[in-house]
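First up is the structure itself, then whatever we jot down about it.
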Amino acid sequence: MWDAFTTSVLAVAIGEIGDKTQLLSLVLAARFPRALPILAGIVVATLANHAFAVALGSWGSSWLTPEFLRWLLGLSFVALAVWALFPDRLDEGEVKLWETAFIATVIAFFIAEIGDKTQVATALLAAKHASEPIQVILGSTLGMVLANAPVIWFGEHVLKRVPLRAVRISAAVIFGVLGAGVLLFGLPQF
């Protein structure tokens, strides 16, 4: 019999394969030169987002309507599309790149995970394993890291050979299409 932790790790790691947050991981890895701040940002964002999902799964989600999630996710993708077009320009006295990559990852990942299938899965797992919310949060976070770490490594090592401008434009187009699709047609049903 699977326990809450193991079930959460497997459900999220498998559910994350091919997900939009893997694309986000790839874009972040191509944009920022080091993997560690991106991975740390994913951990923090996922812990916060999935703790929220566990709370929703435990308390119910009647106030969080699909229409609200649709607009939040659609507008977030459009914002990510615009953000992807602009390269970072930091002066010596400004925020360090590590901090910028970490903060950008936390914000982008938290928003991208809202209403995502892995967040819904986490909420459902929390409802099923109501007496083990911490195991669900930690398991779903580990699953997210296991699914995205290889993508970050790929982006950090392989995409250095691809012009960053091409990566930014491609990411902007993909996020723009995703955002427009969500705004025009609604959230996909999983």
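A few remarks follow.
- One residue stands out among those in segment 147-183 that are without any contact (Cβ under 8 Å) to a residue 12 or more places away in the chain and of a type in the set (A, V, I, L, M): the one that is farthest from Trp71 (Cα to Cα), which is Val158.
- Among the numbered conditions (1) aliphatic (A, V, I, L, M); (2) surrounded by 19 or more Cβ atoms within 10 Å (Cβ to Cβ); (3) at pLDDT below 80, the only one that Leu24 does not meet is (3).
- Applying a threshold of 8 Å to beta carbon distances and a minimum spacing of six or more residues, or different chains, the list of pairs starting in segment 121-144 at a residue that is more than 9 Å from Val54 (Cβ to Cβ) and ending at one that is among the acidic types (Asp, Glu) and assigned to a helix (DSSP H, G or I) reads Gly143/Glu16; Met144/Glu16.
- The set of residues in segment 16-55 being hydrophobic (A, V, I, L, M, F, W, C) and not in a helix (DSSP H, G or I) consists of Ile17, Phe32.
- All told, Ala55 meets the bar of being modelled with pLDDT of 80 or more, under 26 Å from Pro133 (Cβ atoms), over 17 Å from the mean Cα position of the chain (by Cα) and of a type in the set (A, V, I, L, M, F, W, C).
- Those residues of segment 108-148 which are assigned to a loop (DSSP other than H, G, I, E, B) and over 12 Å from Ala45 (Cα atoms), in sequence order: Gly115, Asp116, His129, Ala130, Ser131, Glu132
The values are calculated or read from the model by the stated rules, or taken from the named source; none is laboratory data. Computed from a predicted model, the values in this text were never measured in an experiment. So basically every Cβ, Gly included, is an ideal-geometry build from the backbone, and we count neighbours across all protein chains shown.
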